[in-house]
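Chemist: One structure follows; several queries about it will come next.
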Amino acid sequence: MTNYVIDPPAVTAVPVAGGGLFPVRRVFCVGRNYAEHTREMGGDPDREEPFFFMKPADALLINGADMPYPPKTGDLHHEMELVVAIGTGGRDIPEAEALNHVYGYAAGLDMTRRDLQGAAKKAGKPWDMGKGFDLSGPIGEIAPASHAGHPSAGKIELTVNSAVRQSSDLAKMIWSVPETISYLSGLVALAPGDLIFTGTPEGVAAVVKGDVLEGEIAGVGSVRTRIV
């Protein structure tokens, strides 16, 4: 028996559609992966290669739980995203083989303290606290690829209080899922249990306490949370 000096942290696990739990190791996020969102954030979609940031695994919010409005911000934004769950790890994965490493997919929200992120960007400082704060990653059930397939197109949509805020198509991603996996695996060795949030379409905006966020990705699933 391992003699830990403190109790080991609990394993974060996301429910799988049909039963079971997916244990989460790391959470990677792709920045600016839809052209229109890149433009609304002041970027150039024709020039940028993919870049990544991370959230802690325990920042995930599961089972449709309420999300407390986070401290130190007055500008909390939603970002609706397709999430890829890695089932088989690897390094320098060829693009043609990338989907063999995917366990499944989920709908997720990359919640962002936009004011903190913006201030950090302006100062040339890391913006981890704009993205990786507590409970900043609501996520729905993971749909196994063995049943759902590998979506490369289909509607991705988010409503806030039943009004559509974000609506696009997965086909509009600048970097596809295979390209993203291949590129990221050249930077780090991917491992079973890793999640990749693949970027958000245009329409990101602020939410306030009481707002109900409901997102859906065709053929994948949904995510829901209420800001409290």
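The values are calculated or read from the model by the stated rules, or taken from the named source; none is laboratory data. Just so we're clear, the structure is a prediction, and the values are computed from it rather than from any experiment. Cβ coordinates were reconstructed from backbone atoms using ideal geometry, including for glycine residues, and neighbour counts include every protein chain displayed. Surface accessibility is based on the protein's heavy atoms, side chains included, excluding ligands, DNA and RNA. Shrake-Rupley method; radii C 1.70, N 1.55, O 1.52, S 1.80 Å.
Chemist: State which residue is nearest to residue 181 (Cα to Cα) when the search covers only the range 66-83 and only residues that are open to solvent by less than 40 Å² (accessible area, probe 1.4 Å) and touching a Lys or Arg at 6+ places or on another chain (Cβ under 9 Å).
Modeler: Going residue by residue through the range 66-83, those that are open to solvent by less than 40 Å² (accessible area, probe 1.4 Å) are 67, 70, 73, 76-83.
Among the residues that remain, those that are also touching a Lys or Arg at 6+ places or on another chain (Cβ under 9 Å) are: 67, 70, 73, 76-78, 80.
Numbers: 67: 29, 70: 31, 73: 32, 76: 29, 77: 26, 78: 24, 80: 19 Å.
Filtering the range 66-83 for residues that are open to solvent by less than 40 Å² (accessible area, probe 1.4 Å) and touching a Lys or Arg at 6+ places or on another chain (Cβ under 9 Å), the one nearest to residue 181 (Cα to Cα) comes out as 80.
Chemist: Considering only residues of the range 117-131 that are of a type in the set (Lys, Arg) and more than 14 Å from the chain's Cα centre (by Cα), which is surrounded by the most Cβ atoms within 10 Å (Cβ to Cβ)? Walk me through how you get there before you give the answer.
Modeler: First, the residues of the range 117-131 that are of a type in the set (Lys, Arg): 121-122, 125, 131.
Narrowing the set further to residues that are more than 14 Å from the chain's Cα centre (by Cα) leaves 121-122, 125.
Values: 121: 14, 122: 8, 125: 10.
Applying the filter and picking the extreme gives 121.
Chemist: Can you pull out every residue in the range 129-161 that is within 17 Å of residue 77 (Cα to Cα) and either of a type in the set (Asp, Glu) or free of Cβ contacts under 8 Å to residues at least 12 places away in the same chain (or both)?
Modeler: 134, 157
Chemist: Among all residue pairs at least 6 apart or on different chains, which show Cβ distances below 8 Å where the first residue, located in the range 86-115, is under 30 Å from residue 73 (Cβ atoms) and the second is open to solvent by 60 Å² or more (accessible area, probe 1.4 Å)?
Modeler: Sorted first by the residue in the range 86-115, then by its partner, the pairs are 105/150; 106/141; 107/216; 107/222; 113/72; 113/129; 115/74.
Chemist: Considering only the range 145-155, I want to know if a residue exists there that is buried (at least 18 other Cβ atoms within 10 Å of the Cβ), within 28 Å of residue 58 (Cβ to Cβ), among the hydrophobic types (A, V, I, L, M, F, W, C) and within 15 Å of the chain's Cα centre (by Cα).
Modeler: Going through the range 145-155, the residues buried (at least 18 other Cβ atoms within 10 Å of the Cβ) turn out to be 145, 151.
Cutting the leftovers down to within 28 Å of residue 58 (Cβ to Cβ) gives us 145, 151.
Of the ones still in play, those that are also among the hydrophobic types (A, V, I, L, M, F, W, C) are 145.
After this cut, where a residue has to be within 15 Å of the chain's Cα centre (by Cα) as well, the list is none.
No; the residues of the range 145-155 include none that is buried (at least 18 other Cβ atoms within 10 Å of the Cβ), within 28 Å of residue 58 (Cβ to Cβ), among the hydrophobic types (A, V, I, L, M, F, W, C) and within 15 Å of the chain's Cα centre (by Cα).
Chemist: Within the range 84-116, which residues are part of a loop (DSSP other than H, G, I, E, B), open to solvent by 10 Å² or more (accessible area, probe 1.4 Å) and on the phi < 0 side of the Ramachandran plot?
Modeler: The first filter runs over the range 84-116 and keeps only residues part of a loop (DSSP other than H, G, I, E, B), leaving 87-89, 91-94, 110-111.
Within this subset, residues satisfying the condition of being open to solvent by 10 Å² or more (accessible area, probe 1.4 Å) are 87-89, 91-92, 94.
87, 88, 89, 91, 94, listed by residue number.
Chemist: Pairs only if they're at least six apart or on different chains, beta carbon under 6 angstrom, first in the range 1-13 and small (Gly, Ala, Ser), second at pLDDT 95 or above and open to solvent by 90 Å² or more (accessible area, probe 1.4 Å); list them, first residue then second.
Modeler: Sorted first by the residue in the range 1-13, then by its partner, the pairs are 13/21.
Chemist: State which residue pairs qualify: first residue over 21 Å from residue 32 (Cα atoms) and inside the range 201-228, second residue hydroxyl-bearing (Ser, Thr, Tyr) and part of a loop (DSSP other than H, G, I, E, B) in any location, beta carbons under 6 Å apart, and separation of 6 or more residues or different chains.
Modeler: Every condition considered, the pairs that remain are 209/69; 227/69.
Chemist: Of the residues in the range 169-228, how many are among the β-branched types (Val, Ile, Thr), under 16 Å from the mean Cα position of the chain (by Cα) and not in a loop (DSSP other than H, G, I, E, B)? Quick ask: steps written out before the conclusion?
Modeler: Start the filter on the range 169-228 by keeping residues that are among the β-branched types (Val, Ile, Thr), which leaves 174, 177, 180-181, 188, 196, 198, 200, 204, 207-208, 212, 217, 220, 223, 225, 227-228.
Keeping just the survivors that are under 16 Å from the mean Cα position of the chain (by Cα) gives 174, 177, 180-181, 196, 198, 200, 204, 217, 220, 223, 225.
From what's left, not in a loop (DSSP other than H, G, I, E, B): 177, 180-181, 196, 217, 223, 225.
So the answer is 7.
Chemist: While we're here: Tell me yes or no: at least one residue of the range 143-156 is under 20 Å from residue 66 (Cα atoms) and at pLDDT 95 or above.
Modeler: Let us first name the residues in the range 143-156 that are under 20 Å from residue 66 (Cα atoms), namely none.
No: zero hits.
Chemist: For the range 167-217, give me each residue that is hydrophobic (A, V, I, L, M, F, W, C) and over 21 Å from residue 137 (Cβ atoms). Full working, then the answer.
Modeler: If we filter the range 167-217 for residues that are hydrophobic (A, V, I, L, M, F, W, C), which is where we start, we get 170-171, 173-175, 177, 181, 184, 187-191, 195-197, 204-208, 212-213, 217.
Within the range 167-217, 171, 174, 189 qualify.
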